[in-house]
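Engineer: Got a structure for you, written out below as structure tokens; questions coming shortly.
Please treat every number below as a calculation from the coordinates, not as lab data. Values in this document were obtained by computation on a predicted structure and should not be read as measured data. We place every Cβ from the backbone using ideal geometry, glycine too, and count neighbours over all the protein chains shown.
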């Protein structure tokens, strides 16, 4: 028992959470008692005796799990334990549930955790569509409905789309650039473990008096500053998800800049690496803004700082400026890594070099720069100073140009290629081009102030964001998961089930989100549990397609689980790709490479006789890939 | 080196597809009834964008499906495609042409925005008050007479709405007028609209404001000026004191000289 307490792990983590939580609770109670205040403050925006433990208990959990052990010993001058690599790599499935510094283990941890939240958020979407199938309220009341769509969005954005890309890149990116691991493996592990905590805080808010947070994922003040306790859980969950994002982005930046294999110049990096470089530049500079603004809301709620209280001189609209200064770049945080995935998949399966590789990389950087100058297009009707609208409209429309470059370059890549469509990854990549084009077109329309005035805050917006986030980001995520599944698990997935999943998802996506444009333009506002009779039939149709879309995700889940367990063994390079991760075994050896590869050419030199991207051994001779030294699959 | 593409045929296919999609899409009245002078202008802009978007979409579809038709690998073909790395002229084209399209769209939108927000001297002012979950309205030109849940305005006169929120943000939307503006606590926001069809419409709250958001509606009546005068003169109740406070205290968010009048 004592040994279990001293050793980092789950026992110590749970004890740590309890101890730190009790400390936080005791601190509040003691300070309030000393100050002569009532011990428990239970205004709905108060509850310090719950908020403070909600901060300290997760920290105690992280400490107990061992996230800080090495650093703390070093910081207090205690002798550090020599690293025996016992926390690196997974030997059994149990290792995936512990603090682990191997980027491949962390990548798998990320992807599985985020998909768990994807299915939870998806269930909420099903409830939402069940409620909206008919006008009037049938299944949930209006307040619960508000909680449902708020948590649905928050789970999907903060603990699915953003981190699943970090997870996929965590696995693939160090291999791609020929690095043995990420630059900061311990920070990488900490980044991962903050994520389930964020998700638990979001979901845990359902237990709060007054229900889960219900002010939308945007949490506009003053609705959020006066909302029940659940809102504070949102404010705190965003801190953990945000800190996780920022730390990972720093890790990616340092890894990409300093740990590329010899010979891998910037112009020889695969576009997935370019994409994650761009994304990380956005995250490190933009994410602190949402962390800041959620702290301001929390302080307004718990400490009465009055940042957004108009009666005390606060400025209501400033919330939206700070929020969107993060949250517009955030939409590119949610799509740029996907652009990278699509480039890898299309080039490989069309057996063609990427068309206009340098312009593709520069387009990513162009999007990064422009995305900081478009935030107020979310506020055309918000009552902000009117002169800002036209400049923001112009930058918003201009951002379609680099995005268009990417679409046309992917299409160009297909020409004179040998297109293989047997892989589900390629199907999702091709469908992504079409659906994302639709989302981009509606985005351009929304960027135009007069059109936006009419359709802002209607179902047109819901249609647009789901076309770019589901038809866009989630399609790229599926493409990425299918593409690297053999590499990550060492097994092949079932292409037949993959095609069922693909066609169901495609039909479900279009059937669900296309009609939403129409009802929105015709007068149906968003975020309503009840709506006018005239929209009843369309909404029933939307719900039916939404249920198809939801059900077909179970096929995906079944395919992933059974293929991981029983699928045929994957060879090192089933797609005949060029980039380095495919030149090592599936799954890769525990330290990735016996010898750091040397990069001698671009990553997409298909069709050029004798062209090589990387030489894997110092002799330059072909040596058969080593047997996997680690079973990373739980099989 | 490699075969030529049937560029002319692809372009013709794109144009044909654009014509078909645009014809269908433009023939449908997406935004519903038009009942203000702004509505046809916004709908025209939308239709122009639909045509341009149909072109872009058709181009992408023709490019994609021709590639899938022509360059599919034969079963068992393990060879690679042609090692083409790019084409500078093509890349310049698909950078410049979209830039021109979006800048045209921006210029056109700017003009429409300026048109619909042009202030007229003889406008009627209505104060809008919103709170969870009710709307009320006052007429400053008539000694701030006040009515809850319903307002009337004269047809073919420009109306300036001055909006005040008492608790959280609400948003004022009459779909038939194509006009929307948030009501923000602490500040006065404004919107201009010239209704040009008599009738009864619905005012919808479009900013999430709490559990009653979905049902926060009000009745809008557009009628002849004579009938409107009579209706307003029939109102007896004055604006309650707490609401008058926000008329006096709310600040204008737009610095003087920058306010185009509408926003």
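Engineer: Pick from A:494, A:522, A:530: which is under 30 Å from residue B:32 (Cα atoms) and in contact (Cβ under 8 Å) with a residue 60 or more places away in the chain?
Structural biologist: Numbers: A:494 fails: under 30 Å from residue B:32 (Cα atoms); A:522 fails: in contact (Cβ under 8 Å) with a residue 60 or more places away in the chain.
Among A:494, A:522, A:530, only A:530 is under 30 Å from residue B:32 (Cα atoms) and in contact (Cβ under 8 Å) with a residue 60 or more places away in the chain.
Engineer: For the subset of region B:190-215 comprising residues that are under 16 Å from the mean Cα position of the chain (by Cα) and within 21 Å of residue A:461 (Cα to Cα), which member is surrounded by the fewest Cβ atoms within 10 Å (Cβ to Cβ)? Spell out the reasoning first.
Structural biologist: Of the residues in region B:190-215, the ones under 16 Å from the mean Cα position of the chain (by Cα) are B:190-195, B:203-207.
Keeping just the survivors that are within 21 Å of residue A:461 (Cα to Cα) gives B:203-207.
Numbers: B:203: 22, B:204: 24, B:205: 28, B:206: 28, B:207: 29.
Per the stated criteria, the residue is B:203.
Engineer: Follow-up. So which residues in region B:167-184 are buried (at least 24 other Cβ atoms within 10 Å of the Cβ) and outside any strand (DSSP E or B)?
Structural biologist: Those that are buried (at least 24 other Cβ atoms within 10 Å of the Cβ) and outside any strand (DSSP E or B): B:168, B:169, B:175, B:177, B:178, B:184.
Engineer: Still on this structure, please answer the following. Any chance you could count how many residues in region A:74-112 are within 20 Å of residue A:194 (Cα to Cα) and in a helix (DSSP H, G or I)?
Structural biologist: Number of matching residues: 14.
Engineer: Sort out for me the helices (runs of 4 or more DSSP H) sitting completely within region A:392-463 that have 3 or more residues that are in contact with a helix residue (DSSP H, G or I) (Cβ under 8 Å, 6 or more places away or on another chain), within 8 Å of chain B (Cβ to nearest Cβ) and farther than 30 Å from residue B:207 by Cα.
Structural biologist: Numbers: elements: A:400-414, A:424-447, A:449-455.
Correct list: A:400-414, A:424-447.
Engineer: Does region A:503-510 contain at least one residue that is out of contact with any strand residue (DSSP E or B) (no Cβ under 8 Å at 6 or more places or on another chain), within 14 Å of chain B (Cβ to nearest Cβ) and crowded, with 23+ Cβ neighbours inside 10 Å?
Structural biologist: Looking for residues that are out of contact with any strand residue (DSSP E or B) (no Cβ under 8 Å at 6 or more places or on another chain), within 14 Å of chain B (Cβ to nearest Cβ) and crowded, with 23+ Cβ neighbours inside 10 Å, one finds none in region A:503-510, hence no.
Engineer: Tell me the residue from A:356, A:366 that is surrounded by 24 or more Cβ atoms within 10 Å (Cβ to Cβ), without any contact (Cβ under 8 Å) to a residue 60 or more places away in the chain and either farther than 24 Å from residue A:225 by Cα or within 13 Å of chain B (Cβ to nearest Cβ) (or both), please.
Structural biologist: Values: A:366 fails: surrounded by 24 or more Cβ atoms within 10 Å (Cβ to Cβ).
Result of the check over A:356, A:366: A:356.
Engineer: Separate question: Check B:84, B:101, B:187, B:97 and return the single one that is surrounded by 22 or more Cβ atoms within 10 Å (Cβ to Cβ) and either within 14 Å of chain A (Cβ to nearest Cβ) or touching a residue at least 60 places away in the same chain (Cβ under 8 Å) (or both).
Structural biologist: On the way: B:84 fails: surrounded by 22 or more Cβ atoms within 10 Å (Cβ to Cβ); B:101 fails: surrounded by 22 or more Cβ atoms within 10 Å (Cβ to Cβ); B:97 fails: surrounded by 22 or more Cβ atoms within 10 Å (Cβ to Cβ).
Testing whether each residue is surrounded by 22 or more Cβ atoms within 10 Å (Cβ to Cβ) and either within 14 Å of chain A (Cβ to nearest Cβ) or touching a residue at least 60 places away in the same chain (Cβ under 8 Å) (or both) leaves just B:187.
Engineer: Oh, and also: What number of residues within region B:62-79 are more than 7 Å from every other protein chain (Cβ to nearest Cβ) and surrounded by fewer than 20 Cβ atoms within 10 Å (Cβ to Cβ)? Step through it out loud before you land on a result.
Structural biologist: First pass over region B:62-79, keeping only residues more than 7 Å from every other protein chain (Cβ to nearest Cβ): B:62, B:65-66, B:69-70, B:74-76, B:78.
Filter again for surrounded by fewer than 20 Cβ atoms within 10 Å (Cβ to Cβ), leaving B:65-66, B:69-70, B:74-76, B:78.
Residues flagged as more than 7 Å from every other protein chain (Cβ to nearest Cβ) and surrounded by fewer than 20 Cβ atoms within 10 Å (Cβ to Cβ) within region B:62-79 amount to 8.
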